[in-house]
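Single-structure report; data block below.
No value in this document is a laboratory result; all are computed from the given coordinates. Source: prediction; values computed, not measured. Note: ideal-geometry Cβ built from the backbone for every residue, glycine included; neighbour counts use all protein chains shown.
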Amino acid sequence: MLLLPQLWFTMLLLMIFVIDVWVARLRINPLHARQGNLMISNQKLAEVPDISIFSRLLVFDVSFNEITSLEGLSKASSTLKELYVSKNEVNKIMEIEHLHDLQILELGSNRLRVMVNMESLTKLEELWLGRNRIKVVNLCGLRCIKKISLQSNQLTSMKGFEVCVVLPLCKLYLSHNGISKMEGLSALVNLRVLDVSNNKLTSVDDIQSLTKLEDLWLNDNQIEILEAITEAKMDANVTANCVHSGIVRTRLTRDRDGLITDFVFFLTSKLLKSVPQAAATTCCLATSPRLRNVCGKYFSDCNEARTSNPDRAILKLRDCGLLLSCWSLQLPLPMFIKPLTNF
């Protein structure tokens, strides 16, 4: 009878151990093939595995591997709607011509040099090709495309957008390239977001027809005049303000949780804001009727604040005429344009 408590305690420990092992295996198992989804990531795969047994596959993800070729995708089910092969070493787009129902294609962070073999993807809506080595845009056949990302490539021109009329396109990301001129945008009448930051632009051109444009990113270029923006007929009033959200505690350090991290956050807890608190000022600027016509101000904690150095706040624009032009546009910084909905 005296051994009974010890036996129960031993059995309890054994059950806890078995449950921990089972949960751990569930967590680290990279293969999930339920409800039409198949994910095989972070497994150092050198080639695309044979997935012909999945006859009704909808989502296939082999990101974060060491795949050098898309050879083998020809066996994938034609029902596939989303394909993710980011962060690999793929050097050519191939064997996807039969994926007529594909809606999302993610091939970012690879070694692609050309955009080919996508003419048959007539239902593709999102194309993500950032962090590759692409030099020329080729979008022919992509009649339903809505979002395109070609960030961090080797583009020197925007030619290619005018060849094919891509009317549904609403978001275009071309930052961190070597583009020297804005062109080929006149047909993109539904464009709402255009990011051409971190390029080699010297002027703003070919945006007069973009009447639905909401976000225009132009920072880190060599632009000295904004005449095209002045002439552009936008449907909404344009305002620009600077927002400081404060120091925010997020879950970005979740992989480094521990005693030291918790101690640091404890010491700085009085200075940190939660995510909702940090977003409050931005939400206030975007929705408050009293700030509808306010422009060129600095906001913190949902209130207008003073900058420590007013000269730096306007980036010390070299041309006084440009500065006056900016203020006449209600746009103090030639970096970001955001129309504010009338209330």
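Which residues does the label zone of Ser209 cover in the stretch 130-161, counting backbone N under 12 Å from a point 7 Å along Cα→Cβ?
Within reach of a label on Ser209: 161.
How big is D for the stretch 32-183, in µm² s⁻¹ as a whole number, if Stokes-Einstein is applied with the Kirkwood radius of its Cα pairs at 10 °C and 1.306 mPa s?
Approximately 102 µm²/s, per Stokes-Einstein.
Report the calculated FRET efficiency for Asn303 and Asp220 (r = Cβ-Cβ distance, R0 = 45 Å), to the nearest 0.05.
Step by step, r from the Cβ atoms, then E = 0.95.
Whose amide H sits under 5 Å from the amide H of Phe299, counting only residues 5 or more places off or on another chain, with H placed in the peptide plane?
Here Cys242, Val243, His244, Ala305 satisfy the definition.
Could you pull out the pairs from Lys123/Lys159; Lys123/Lys147; Lys135/Lys181; Lys92/Lys181; Lys135/Lys200 whose alpha carbons sit more than 19 Å apart here?
Lys123/Lys159; Lys92/Lys181, as the Cα separations exceed 19 Å there.
Counting only other residues whose beta carbon sits under 12 Å from that of Asn190, what net charge do I get with K and R as +1, D and E as -1?
+4
If a/c stays under 1.5 just call it rounded; otherwise compare a/b with b/c (prolate if a/b is bigger, oblate if not). Do that for the stretch 39-93, with a ≥ b ≥ c from the square roots of the Cα gyration tensor eigenvalues.
Prolate, because a/c is 1.5 or more and a/b exceeds b/c.
Going by average Cβ density within 10 Å per residue, which order do the peptides 288-294, 84-90 take, highest to lowest?
The densest-packed peptide leads the list: 84-90, 288-294.
Read phi for every residue in the stretch 193-204 and hand back ³J(HN,Hα) as whole Hz from Karplus 6.51 cos²θ - 1.76 cosθ + 1.60, θ = phi - 60°, with x for Gly and Pro.
10, 10, 10, 10, 6, 6, 10, 10, 6, 10, 7, 9
Which value in nm describes the separation of the simple spin-label points at Arg133 and Val114, placed 7 Å from the Cα toward the beta carbon?
Between Arg133 and Val114, the label points sit 1.4 nm apart.
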